[in-house]
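**Q** Okay, here's the structure, questions in a sec.
The values are calculated or read from the model by the stated rules, or taken from the named source; none is laboratory data. Computed from a predicted model, the values in this text were never measured in an experiment. Here Cβ is always computed from backbone atoms with ideal geometry, including for glycine, and neighbour counts include all displayed protein chains. In case anyone asks, the SASA skips ligands and DNA or RNA and just uses the protein heavy atoms, side chains included. Shrake-Rupley method; radii C 1.70, N 1.55, O 1.52, S 1.80 Å.
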Amino acid sequence: MPVRKLLLAALLAGGVWIVAGAGLAQSTYPSAPIHVIIPLAPGGAIDVMVRALGRAFEQRNGYGFVVESRAGANTIIAANACKGALPDGSTICLLSRSSVSINPALYKNLSYDPIKDFEPITNLAFAHQVLILNKSVPVNDFKELVAYSKAHPDKLNFGSFGVGGDTHLVVEWLKHETGARMTHVPFKGAADAMLAFKSGDIQLIYLIIGNPDIARQINEGEVKGLLVPGSQRNPLVPGVPSFAEAGLSSDQSAFETWFGMFAPKGTPAAIVKTLNAELSAIVKTPDFADAYLTSKGFEGVGDGSEAFAKFIVEDQKKGKLLVDISGARLEL
C-alpha cells in the first residue's frame with residue numbers, strides 16, 4: 001500500500017479511536033466526584049439540600065459532590081468561579097434568581113452573562129418566603145403595619161441580605177404598592193441580619209421559610225408572620241396571610257426566588273443531559289422531597305434544560321421590573 005494511503009488509514013483509525021474514546025468518556029460520566037459551587041454560606045437550608053442531593057447522586061452514580069461555598073457579592077463570586085471552570089462536567093454550580101434574573105438589571109457592568117456563559121441544567125426548586133416582624137412593633141397584621149409606618153416614618157427598619165437581592169427588592173415592591181414608610185438596612189448575610197432583628201435594630205425581614213427555626217418561631221408566636229407571597233397560605237406557617245388576602249398581587253412567581261443547577265458554557269450536551277436526568281429524578285423522589293424540600297419550605301421542580309432556559313428568559317423580565325421599582329443600581 002502506498003505511504004499516503006497507509007498514513008490516511010492510520011489517521012482514520014486514530015480518529016475513530018478518538019471519537020469512540022470521547023463517547024466512552026461521556027457514557028461513563030461521572031468518573032469522579034463533581035465539584036459543585038454554591039453562592040451561599042455553609043449551614044443554611046440551601047447548603048444542606050445540595051449536600052443531600054450529592055449523597056443521593058452518589059447512590060445512583062457512584063460519585064457524589066464536593067461542595068464549595070463561594071459566598072458574597074450578590075452571588076457574583078460563585079457565578080464567576082463557575083464561568084471560569086473547565087466545561088467538561090467536572091464542575092457545575094448552583095445559581096439563584098439573584099444570579100440570573102436580578103443581577104443583569106442591577107449591575108451596569110456585570111462580569112458574566114447568565115445566558116451566554118452557562119448551560120442551564122435544571123431548576124431544582126422554588127423557595128417559599130415570608131415577611132416577619134419583631135414582636136415589639138404594636139401591630140397585628142400588614143394593613144396595620146402600613147398605617148403605623150406612615151404615622152411613624154422614622155421608626156421602622158427592614159433588613160436584607162444585601163442590596164439588590166430578593167430580601168431587599170420584594171420589600172421595596174411592598175413599599176411601592178402600599179406607600180409604607182420604612183428604611184432599608186443591608187447586611188452581609190442571614191446570620192448578621194437575624195442578630196439585628198432579635199436585638200430590635202431592624203423590625204422586618206423577608207426571608208426563606210426554611211431558614212433555621214423560622215417556621216417554629218412564627219407558629220409559636222415568638223415573631224409575627226405578616227405575609228407570604230401568592231394567593232394561598234403556606235402549610236408550614238398556616239397562620240400567615242397571603243399577599244392576595246392583603247389585597248396585593250397573587251402572582252407568586254413574580255416574588256419567589258429559585259435555585260437551579262448550571263454548567264459552564266460549552267459543557268457537552270450529553271453531560272448536561274445526564275445531569276438533568278439524574279438531578280430531576282432525585283428532586284422528584286418522594287423521600288428526598290419530604291426530607292429536604294417540602295419540609296424546609298421548598299417546592300421541587302426538576303424541569304428539562306430547554307424548559308428551564310425558556311423560564312429564565314421570562315423570569316429576567318420580572319426581575320428587571322423589581323429592580324426598576326426599587327431604583328437600585330450597583331457597580332462592581
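**Q** Which aspartates and glutamates, if any, have their Cα less than 12 Å from the Cα of LYS284, not counting same-chain residues under 8 positions apart?
**A** Straight-line reach from LYS284, under 12 Å: GLU299, ASP303.
**Q** Amide H of SER242 versus every other amide H placed in the peptide plane: which residues, excluding those fewer than 5 positions away on the same chain, fall under 5 Å?
**A** Amide H neighbours of SER242: VAL228.
**Q** Select from ASP47, ASP88, ASP213 the residue whose mean-square fluctuation is largest in a Gaussian network model of the chain (Cα-Cα springs shorter than 10 Å).
**A** Per the Cα network of the chain with a 10 Å cutoff, ASP213 tops the list.
**Q** Pick from GLY164, GLY247, GLY89 the residue whose mean-square fluctuation is largest in a GNM of the chain, springs joining Cα atoms under 10 Å.
**A** Of GLY164, GLY247, GLY89, the most mobile in the Gaussian network model is GLY247.
**Q** Now, a different point. With unit charges on the beta carbons (Lys and Arg positive, Asp and Glu negative) and the dipole taken about the Cα centre of the stretch 98-232, which residue among GLY159, GLN232, ALA125 sits farthest to the positive side?
**A** The one lying farthest along the dipole's positive direction is GLY159.
**Q** Top mean-square fluctuation among THR75, THR178, THR267, Gaussian network model of the chain, C-alpha springs under 10 Å?
**A** Looking only at THR75, THR178, THR267, the biggest GNM fluctuation is shown by THR178.
**Q** Please compute the per residue accessible area over the chain with all protein chains in place, 1.4 Å probe, rounded to a whole number of Å².
**A** I get 45 Å² per residue for the chain.
**Q** Further question on the same structure: For the stretch 265-332, what does the alpha-carbon gyration tensor say about shape, rounded, prolate or oblate, given a ≥ b ≥ c as the root eigenvalues, a/c under 1.5 as rounded, and a/b over b/c as prolate?
**A** Verdict is oblate for the stretch 265-332.
**Q** In straight Cα distance, which lysines are under 26 Å from LYS198, not counting same-chain residues fewer than 8 positions off?
**A** Cross-link targets: LYS135, LYS143, LYS150, LYS155, LYS175, LYS188, LYS224, LYS296.
**Q** How compact and how long is the stretch 108-233, expressed as Rg and Dmax of its alpha-carbon atoms in Å?
**A** Using the Cα atoms of the stretch 108-233, the pair Rg, Dmax is 15.9, 50 Å.
**Q** Summing +1 for each Lys or Arg and -1 for each Asp or Glu, what net charge is found among the other residues whose Cβ lies under 14 Å from the Cβ of SER253?
**A** So the surrounding residues net to -3.
**Q** For n ≥ 4 DSSP H runs only, could you compute -39500 (n - 2.57) per run for the chain, divide by its residues and tell me the 222 nm figure to the nearest 500?
**A** -13000 deg cm²/dmol
**Q** Further question on the same structure: Please give the charge dipole size of the stretch 226-332, origin at the Cα centre, charges +1 on K and R Cβ atoms and -1 on D and E Cβ atoms. Round to the nearest 20 debye.
**A** It works out to roughly 220 debye.
**Q** Determine the percent antiparallel among the DSSP beta bridges restricted to the chain, to the nearest 5.
**A** Around 60 percent antiparallel, to the nearest 5.
**Q** Given the convex hull over the Cα atoms of the chain, what projected area results after averaging over all orientations, in nm²?
**A** Its Cα hull, projected and averaged over all orientations, spans 18.9 nm².
**Q** Something else about it: Please turn the phi angles of the stretch 156-163 into ³J(HN,Hα) values with the Karplus equation 6.51 cos²θ - 1.76 cosθ + 1.60 (θ = phi - 60°), one per residue in order, whole Hz, x for glycine and proline.
**A** Once rounded to whole Hz, the list reads 10, 10, 10, x, 9, 9, x, 4.
**Q** Nearest-5 percent of antiparallel DSSP beta bridges in the stretch 115-247?
**A** Among the beta bridges of the stretch 115-247, antiparallel pairing accounts for roughly 55 percent.
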